[in-house]
Amino acid sequence: MIHSVDSFKLAKAINDQAEKKDLVCNILIEVNAAGEESKFGVRPEETEKLIREIAVLKNIKICGLMTIAPYVVDPEENRIYFAQLKQLLVDINAKNIDNVSMNVLSMGMTGDYQVAIEEGATMVRVGTGIFGERDYSKA
């Protein structure tokens with residue numbers, strides 16, 4: 001599953017490669033829930049439009065949404081973004097768009113995954129919690 005699709009152009013490229021291999025690629029739409037300039041992702045208010053554009057591609061299956069919340073000291077500060085993403089997922093699911101089944105909500109990282117789960121995350125990314133901080137000094 002590709003977790004970071006945030007444009008039709010990217011989805012089309014994935015679709016074209018999947019078609020060559022005769023497979024269907026599961027994707028998540030990356031949403032920039034907090035509107036951070038340093039992060040990728042479609043704006044929440046543009047998400048449904050993008051999903052409708054991508055949904056017509058035959059070799060892609062839209063499975064849900066993903067967001068990377070801001071880095072914060074208090075994980076409660078991200079609750080609002082996680083709740084908004086969950087509501088967006090529910091709203092889009094209710095529209096019964098062909099080729100879209102919003103079953104996956106990928107949000108929350110090592111510092112805030114518990115709040116993300118409380119708000120409906122089905123996937124979390126906790127690499128730092130498992131492997132420790134990255135060491136960029138050797139790069």
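Every number here is computed from the coordinates shown, using simple stated rules; none is lab data. Just so it is clear, the structure is predicted and the values come from calculations on it, not from any experiment. Cβ: placed from backbone, ideal geometry, glycine included. Neighbour counts: every protein chain shown.
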Chymotrypsin sites (Phe, Trp or Tyr not before Pro), restricted to segment 63-127: which are DSSP loop and have at most 16 other Cβ atoms within 10 Å? 71
Counting alpha carbon pairs within less than 8 Å and at least 6 residues apart, what relative contact order, in whole percent, applies to the chain? 21 percent
Charge dipole of the chain built from unit charges on the beta carbon (Lys, Arg +1; Asp, Glu -1), centred at mean Cα; most positive-end Cα among 136, 84, 1 is 1
Which entries in 12/49; 61/138; 39/138; 12/138; 9/86; 12/39 show an alpha-carbon gap greater than 27 Å? 61/138; 12/138
Interchain or sequence-distant (5+) residues whose placed amide H lies within less than 5 Å of the amide H of residue 30 are 5, 6, 42, 66
About its Cα centre, how strong a charge dipole does segment 1-123 have in debye, to the nearest 20, once Lys and Arg get +1 and Asp and Glu get -1 at the Cβ? 600 debye
Given q = 0.14, 0.17 Å⁻¹, what are the Debye log10 I(q)/I(0) values for segment 1-74, with equal point scatterers placed on the Cα positions and solvent ignored? -0.43, -0.60
Spatial separation of Cα centroids for segment 108-133 and segment 32-90, in angstrom: 16 Å
Inter-label distance, nm, simple model (7 Å from Cα along the C-beta direction), residue 101/residue 36: 3.2 nm
Taking the simple approach of a point 7 Å from Cα along Cα-to-Cβ for both residue 94 and residue 122, what is their distance in nm? 1.8 nm
Roughly what would the spin-label model give for residue 137 and residue 2, points 7 Å off Cα along C-beta, in nm? 3.7 nm
In segment 1-108, the GluC sites (Glu not before Pro) that fall in loop regions by DSSP, at most 15 other Cβ within 10 Å: 36, 37
With the charge dipole of the chain built from beta-carbon charges (+1 for Lys and Arg, -1 for Asp and Glu) about the Cα centre, the Cα from 27, 69, 104 projecting farthest to the positive end belongs to 27
What longest region of the chain stays clear of trypsin sites (Lys or Arg not before Pro) that DSSP places outside H, G, I, E and B and that have at most 13 other Cβ atoms within 10 Å? 96-133
Where does each of 122, 67, 47 land when they are ranked from fewest to most other beta-carbon atoms within 10 angstrom? 122, 47, 67
